[in-house]
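Structure first, then comments.
The values are calculated or read from the model by the stated rules, or taken from the named source; none is laboratory data. These numbers were taken from a predicted model, which means no experiment stands behind them. Cβ sites come from the backbone with ideal geometry, for glycine too, and all protein chains shown count toward neighbours.
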Amino acid sequence: MADPRAAARALISEHALIAGEAVTGSGSRIAVDDPATGEIIGHVPDLGEAETKQAIQAAHDAFPGWSRTDPHKRAAFLREWARLIDENIDGLGALMALENGKPFEEAKVEAVYANSFLKWFAGEAERLLGDTQDSPLGHAIITFRQAVGPAALITPWNFPAAMLTRKLGPAFAAGCTAVVKPASQTPFTAIALVELAYKAGLPKGALSLITGDAATIGGVLTSSPLIRKLSFTGSTPVGKKLAEQCAPTLKRLSMELGGAAPLIVFADADLDVAVAETIKGKFRNSGQTCVCPNRVYVERSVSEEFAEKLAAEVAKLKVGNAFEDGVKVGPLIEDKAVDKVERHLEHIKEKGGRVLTGGGRHELGGRFFQPTVTLGGDDALFREEETFGPLVPIFAFDSEDEVLAKANDSEFGLASYLFTRDLDRAFRVGRQIEAGMCGINTGLTSTAVAPFGGVKESGYGREGSTHGIDEYVDIKALTLGLR
Ligand code: SIN
């Protein structure tokens with residue numbers, strides 16, 4: 001691509017969409033910046049209660065038609081939408097790189113990952129199977145999996161495309177209509193995707209996208225009796241608040257919340273594999289994913305060796321602007337994200353940890369932080385707080401029981417990772433780790449075909465996989481009296 005920045009700018013639409021129509025609003029606007037430079041790249045309207053209610057009404061009105069559309073037609077729509085996205089992978093990647101700051105090459109991978117959810121759920125629309133059962137009352141019971149209703153989908157800034165399609169794919173496959181609220185830091189990718197959905201033939205009203213203050217829009221979406229489902233990806237405190245707000249109308253909920261993923265390396269592991277996979281998991285999106293290893297536990301006999309190898313590789317990661325060649329680590333999304341990584345690093349140092357590479361803000365300034373590896377100190381903070389940045393704290397352990405207890409001593413339970421060549425141990429520890437997902441000898445488990453979701457305060461519900469569509473359907477039982 002000759003000029004990805006120009007391609008990204010060409011895709012920026014500075015409006016929300018209600019029932020497929022562009023809405024610019026008449027009031028204030030929200031500025032969106034390039035996290036690498038702080039430069040304003042565009043604005044979106046700061047919409048509120050009135051527009052959110054309009055979008056909800058549109059989703060409600062469109063629901064009977066869309067939910068009764070032949071599922072094969074919904075699948076065909078999803079495939080057409082996916083085809084248009086495939087034609088625009090570079091442009092969408094450039095747009096994400098610009099508004100999120102993730103390296104351009106990585107952003108293109110996200111665009112492909114995002115699209116894989118639409119392709120997968122197109123197939124799922126065609127397999128919305130029910131079942132039959134003879135009843136002891138002499139009836140035949142027939143079940144159908146029917147769309148729950150209009151859905152509110154609140155998506156985060158760290159995966160501006162994939163978190164949207166991971167929700168919209170199953171929602172549309174099931175026959176739900178939707179109102180989307182993208183993160184204010186990265187709305188342009190979501191807007192571009194919604195425009196492509198309409199280009200692919202989505203009926204008017206089936207999808208709206210509202211930009212503006214999250215608390216205001218979230219409040220309207222959660223209190224509306226017309227919205228029957230809420231899917232949220234974001235922090236645990238916000239998830240709890242939204243769940244509370246949904247209680248009076250008893251909406252179906254999916255909550256993909258925070259994590260503090262443990263990554264465990266046993267002495268029998270292939271250390272080179274463990275190092276490479278730790279980097280893959282940890283430095284994806286510059287350390288800003290809910291499934292990033294947050295605390296690395298290494299068996300004491302190999303902890304120095306692992307830490308040195310990891311530090312040597314991390315030191316090679318090029319930091320810079322998303323569009324520079326070879327960049328692997330971009331800026332963090334906002335200033336307070338940098339403050340948090342710095343605070344976590346200070347904590348490690350205060351508790352006696354050693355810095356093996358990196359160790360502070362990057363010389364590029366702004367929101368750049370050096371990829372950092374530490375060894376030692378105390379892990380307590382990292383069990384309860386996600387760093388969400390390029391810091392790998394390593395802690396030594398002495399026994400399987402000790403490390404399992406530490407891994408599980410957290411309110412979170414989203415992702416986890418372990419490295420071992422002992423198959424018994426892999427299954428034993430993998431099954432006992434309190435997390436929705438456990439990668440064994442891999443640092444990257446996310447794909448459209450794997451169930452994604454957590455336990456404990458990391459939330460509930462599963463996205464992707466054969467389970468993802470269950471979050472958007474109710475079981476309807478028809479009981480047929482046989483005479
Ligand atoms: C997330 O960080 O919320 C999602 C990451 C993924 O899909 O792998």
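Observations, loosely collected:
- Taking each residue of region 284-307 that is in a strand (DSSP E or B) and looking for partners that are more than 8 Å from the ligand (Cβ to nearest atom) and charged (D, E, K, R) with beta-carbon atoms closer than 7 Å, six or more apart or interchain, yields 293/282; 294/386; 295/379; 295/383; 297/406.
- Residue in region 225-237 that is within 13 Å of the ligand (Cβ to nearest atom), in contact (Cβ under 8 Å) with a residue 12 or more places away in the chain and among the β-branched types (Val, Ile, Thr) present: yes
- Matching residues in region 404-441 - criterion: being crowded, with 23+ Cβ neighbours inside 10 Å and under 13 Å from residue 299 (Cα atoms): 418, 419, 420
- The lone criterion from (1) within 30 Å of residue 103 (Cβ to Cβ); (2) touching a residue at least 40 places away in the same chain (Cβ under 8 Å) left unmet by residue 180 is number (2).
- Residue check for residue 244: surrounded by fewer than 17 Cβ atoms within 10 Å (Cβ to Cβ) and assigned to a helix (DSSP H, G or I): yes
- Any hit, region 192-213, residues being at pLDDT 95 or above, within 16 Å of the ligand (Cβ to nearest atom) and touching a strand residue (DSSP E or B) at 6+ places or on another chain (Cβ under 7 Å): no
- Region 24-44 residues that are more than 25 Å from residue 102 (Cβ to Cβ), paired with ones that are part of a strand (DSSP E or B) and at pLDDT 95 or above (beta carbon under 6 Å, 6 or more apart): 24/45; 25/45; 25/47
To keep it simple, each residue is scored yes or no on (1) within 16 Å of the ligand (Cβ to nearest atom); (2) surrounded by fewer than 24 Cβ atoms within 10 Å (Cβ to Cβ); (3) aromatic (Phe, Trp, Tyr).
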{"position": "255", "(1), (2), (3)": "yes, yes, no"}
{"position": "271", "(1), (2), (3)": "no, yes, no"}
{"position": "295", "(1), (2), (3)": "no, yes, no"}
{"position": "308", "(1), (2), (3)": "no, yes, no"}
{"position": "311", "(1), (2), (3)": "no, yes, no"}
{"position": "317", "(1), (2), (3)": "no, yes, no"}
{"position": "320", "(1), (2), (3)": "no, yes, no"}
{"position": "325", "(1), (2), (3)": "no, yes, no"}
{"position": "331", "(1), (2), (3)": "no, no, no"}
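- Test: residue 150 is in contact with a Cys (Cβ under 7 Å, 6 or more places away or on another chain) and farther than 23 Å from residue 43 by Cα: yes
- If you go through region 268-283 and keep only what is under 19 Å from the mean Cα position of the chain (by Cα) and either among the charged types (D, E, K, R) or outside any helix (DSSP H, G or I) (or both), you end up with 280, 282, 283.
- Selection within region 1-57 - among the hydrophobic types (A, V, I, L, M, F, W, C), crowded, with 17+ Cβ neighbours inside 10 Å and more than 30 Å from residue 319 (Cβ to Cβ): 16, 17, 18, 19, 23, 47, 55, 56
- Number of positions in region 203-216 that are part of a helix (DSSP H, G or I) and more than 20 Å from residue 13 (Cα to Cα): 2
- The residue pairs whose first member lies in region 332-346 and is in contact (Cβ under 8 Å) with a residue 60 or more places away in the chain, whose second member is of a type in the set (A, V, I, L, M, F, W, C) and not in a loop (DSSP other than H, G, I, E, B), and whose beta carbons are closer than 8 Å, counting only pairs six or more residues apart or on different chains, are 332/338; 332/341; 332/369.
- Residue check, residue 94 crowded, with 24+ Cβ neighbours inside 10 Å and hydrophobic (A, V, I, L, M, F, W, C): yes
- Hey, residue 215 free of Cβ contacts under 8 Å to residues at least 24 places away in the same chain, surrounded by fewer than 22 Cβ atoms within 10 Å (Cβ to Cβ) and more than 24 Å from residue 452 (Cα to Cα) or not: yes
- One residue stands out in region 257-267 among those that are within 16 Å of the ligand (Cβ to nearest atom) and part of a loop (DSSP other than H, G, I, E, B): the one that is surrounded by the fewest Cβ atoms within 10 Å (Cβ to Cβ), namely 258.
- Exactly one residue out of 289, 357 is under 20 Å from the mean Cα position of the chain (by Cα) and hydroxyl-bearing (Ser, Thr, Tyr): that is 289.
- Residue check for residue 199: in contact with a Gly (Cβ under 9 Å, 6 or more places away or on another chain), of a type outside the set (Asp, Glu) and either touching a residue at least 40 places away in the same chain (Cβ under 8 Å) or more than 28 Å from residue 337 (Cβ to Cβ) (or both): no
- The number of residues in region 435-461 being of a type in the set (Gly, Ala, Ser) and out of contact with any Lys or Arg (no Cβ under 8 Å at 6 or more places or on another chain) comes to 8.
- Condition check for residue 336: within 16 Å of the ligand (Cβ to nearest atom) and either surrounded by fewer than 15 Cβ atoms within 10 Å (Cβ to Cβ) or more than 27 Å from residue 436 (Cα to Cα) (or both): no
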